[in-house]
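Step one of this worksheet: look at the structure below.
The values are calculated or read from the model by the stated rules, or taken from the named source; none is laboratory data. From a predicted model like this one, the values you see are computed outputs, not experimental measurements. Reconstructed Cβ throughout: ideal geometry from the backbone, glycine too, with neighbour counts over all protein chains shown.
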Amino acid sequence: MGRSDEHGKRPASVTRVAYSVRLNPGKYAALLEQARRLGRVRSEVWQRYGSTSGVGSGLRDRQVRDRWLADGTHVRFGVLANAWKETVRDAMADIAGNLASAKVEVRRAIFRRRGDPAERRRMLTALKADRWAGDPFLARQMRKHWKRGRNRTHDQIVVRSDKHNIVADGRGRLWLAVPGLERRRMVRIPLSTTVAPAGTLRLILRGGRVEVHYQIDASQMRSSQRPCGDRTIGVDKGYTEALIDSDGGHHGSRLGQLLSSESDRLKERNRRRAKLRSIANTAAGRGDHAKAHRIKANNLGTVKRDRQAARHRATVRTEIFTAVHRVVDKAATVVAEDLTRSFAGRKTLGKNMNRRLAGWTKGVTAEALRNVSERRGSALVHVNAAYTSQACHRCGRLGRRNGDRLHCTSCGVVWQADVNAAINILHRAGDPNIALHTPHHRVKQILRDRTDRHRTRLPVQDSSPATAERRANHPNRSAMSTLGSRRQP
Ligand SMILES: [Zn+2]
């Protein structure tokens, strides 16, 4: 994002990102046009004040605004007054950041080269007060370290806190309204989060989607709300672990053990209960109602059973919620499959795994991701997970799954299947073609087109066009047939 002050200068504040979801292309185009025009404002600011004559002479963004209003500079950008004013302020802050980092270098040079303490102090004072022009050493150092910057930002809109508003619709979706290019014509953006962005917003337009960046004051958060991390992390739901992240981290590693022992216990208990039930029925049939009653009361009751079930559920929930917290510790944005939707057949469940339990944990994981993200202020982004467990994250071809490994015959690499899937999920967040609701078969086609296109740029590596075609049509089968022969160290 290229802003030095967002993580450095204000350690008490943390950046959060919310994303637009299914934004109308017309609205996106209008926002993009506004960002483009504001990019010209930025360029103008950089050109005029991005060197010693600007901030160096102590000019404040307020003075720049007044000058522009006086000489009519602002008129030619074709944007609303508040938009260009905020942009001027933002660009001046960027320039100030640029200058501050140059000064750090110059200060080092002063300490390195000037031994006399009084002389050193004089220079440091002059530097701090932006009076370096009169001193040959300082002027030379500033020229060396303060590289004249140039604006490269043409995709951002800064919106002051009193210029936007947020409303929730009937289904609980948040809509962010920001000023457009015309007065009183707000652009309404549907958001993927349930936490309302607040304060000054930075809208970044990328790939048909709006990223809404904003700051949270970490010191004002309740202590129970640990701040989230600052990275974007992809996660995949595992079976032996609750979550695997795109760094290769495994979280909630006890989950598989908890589920399979519960599954075993239930099987054993049901078998025993069936046997007792049959003994009781036989006794009743014989006329021994006392015995039948005794068995039902002592051995077939529901109190203990329900208590054990509740305890098991609580243990599993804790394991899953803890796993999500571990991920949010490092993530400002968690990218995940929408686990409330069911993609039949994305993964085959292990033989010994109780499917009912697995289905239930999926629901708990979805709940934990939503709940923890809301409480800790991270964004949860849902992506289309079709083929993420089969495609190689490096080349995009469908590999061959073998237990917890994924063989990519094209790269000649064996990936850890779950980590590979988490990385694919992370990449889906920025995928320009694969949207949340892109159909399964279409995703496959897109992946295939990409690897085909990639292959045509490479020197021929397949023996014949027939092989290439067969591989394109049946990537999985082809991967299996060539496995081993194409592996590289
Ligand atoms: Zn590959």
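Pick from Leu203, Leu191, Leu243: which is modelled with pLDDT of 90 or more, of a type outside the set (D, E, K, R), farther than 30 Å from Ala30 by Cα and surrounded by 20 or more Cβ atoms within 10 Å (Cβ to Cβ)?
Numbers: Leu203 fails: farther than 30 Å from Ala30 by Cα; Leu191 fails: farther than 30 Å from Ala30 by Cα.
Criteria check complete, one pass: Leu243.
Could you tell me whether any residue of segment 400-415 is within 16 Å of the ligand (Cβ to nearest atom) and in a helix (DSSP H, G or I)? Within segment 400-415 (the criterion being within 16 Å of the ligand (Cβ to nearest atom) and in a helix (DSSP H, G or I)), the answer is no, since none of the residues qualifies. If you check Asn420, Asn371 for being in contact with a helix residue (DSSP H, G or I) (Cβ under 9 Å, 6 or more places away or on another chain) and in a helix (DSSP H, G or I), only one passes: Asn371.
Summed over segment 88-107, the residues that are without any contact (Cβ under 8 Å) to a residue 24 or more places away in the chain and under 37 Å from the mean Cα position of the chain (by Cα) give a count of 1.
Each row is one residue, and each column tells you yes or no for (1) over 20 Å from His213 (Cβ atoms); (2) modelled with pLDDT under 85.
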position: Met92; (1), (2): no, no
position: Leu99; (1), (2): yes, yes
position: Arg120; (1), (2): yes, no
position: Met123; (1), (2): yes, no
position: Asp130; (1), (2): yes, yes
position: Ala133; (1), (2): yes, yes
position: Lys147; (1), (2): yes, yes
position: Val159; (1), (2): no, no
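Determine whether Asp236 is under 28 Å from Ala386 (Cβ atoms), of a type in the set (D, E, K, R), outside any helix (DSSP H, G or I) and in contact with a helix residue (DSSP H, G or I) (Cβ under 6 Å, 6 or more places away or on another chain). Let's see the steps before the verdict.
Details: under 28 Å from Ala386 (Cβ atoms): yes; of a type in the set (D, E, K, R): yes; outside any helix (DSSP H, G or I): yes; in contact with a helix residue (DSSP H, G or I) (Cβ under 6 Å, 6 or more places away or on another chain): yes.
The answer is yes for Asp236.
Do we have Ala366 as under 17 Å from Thr340 (Cβ atoms), at pLDDT 90 or above and surrounded by 21 or more Cβ atoms within 10 Å (Cβ to Cβ) here? Considered against the rule, which asks whether it is under 17 Å from Thr340 (Cβ atoms), at pLDDT 90 or above and surrounded by 21 or more Cβ atoms within 10 Å (Cβ to Cβ), Ala366 comes out as no.
Restricting the first member to segment 163-185 and to residues that are in the same structural domain as His74 (by TED's automatic domain parsing), and the second to residues that are assigned to a strand (DSSP E or B) and among the aromatic types (Phe, Trp, Tyr), the beta-carbon pairs closer than 6 Å and six or more apart or on different chains are Val167/Trp175.
For Gly396, state whether it is within 12 Å of the ligand (Cβ to nearest atom), at positive phi and not basic (Lys, Arg).
Details: within 12 Å of the ligand (Cβ to nearest atom): yes; at positive phi: yes; not basic (Lys, Arg): yes.
It is true that Gly396 is within 12 Å of the ligand (Cβ to nearest atom), at positive phi and not basic (Lys, Arg).
Of the residues making up segment 423-454, those that are among the acidic types (Asp, Glu) and assigned to a helix (DSSP H, G or I) are Asp449, Asp452.
The conditions of being touching a residue at least 12 places away in the same chain (Cβ under 8 Å), outside any loop (DSSP other than H, G, I, E, B) and farther than 20 Å from Phe77 by Cβ are met by Val210.
So which helices (runs of 4 or more DSSP H) stay within segment 241-333 end to end and still have 2 or more residues that are closer than 30 Å to Cys228 by Cα? Break it down stepwise before answering.
On the way: elements: 255-286, 289-299, 303-330.
So the answer is 255-286, 303-330.
Among the numbered conditions (1) within 14 Å of the ligand (Cβ to nearest atom); (2) surrounded by fewer than 21 Cβ atoms within 10 Å (Cβ to Cβ); (3) in contact (Cβ under 8 Å) with a residue 40 or more places away in the chain, the only one that Pro432 does not meet is (1).
Within segment 416-426, if we keep just the residues that are within 13 Å of the ligand (Cβ to nearest atom) and touching a residue at least 60 places away in the same chain (Cβ under 8 Å), the residue that is nearest to Gly252 (Cα to Cα) turns out to be Ile423.
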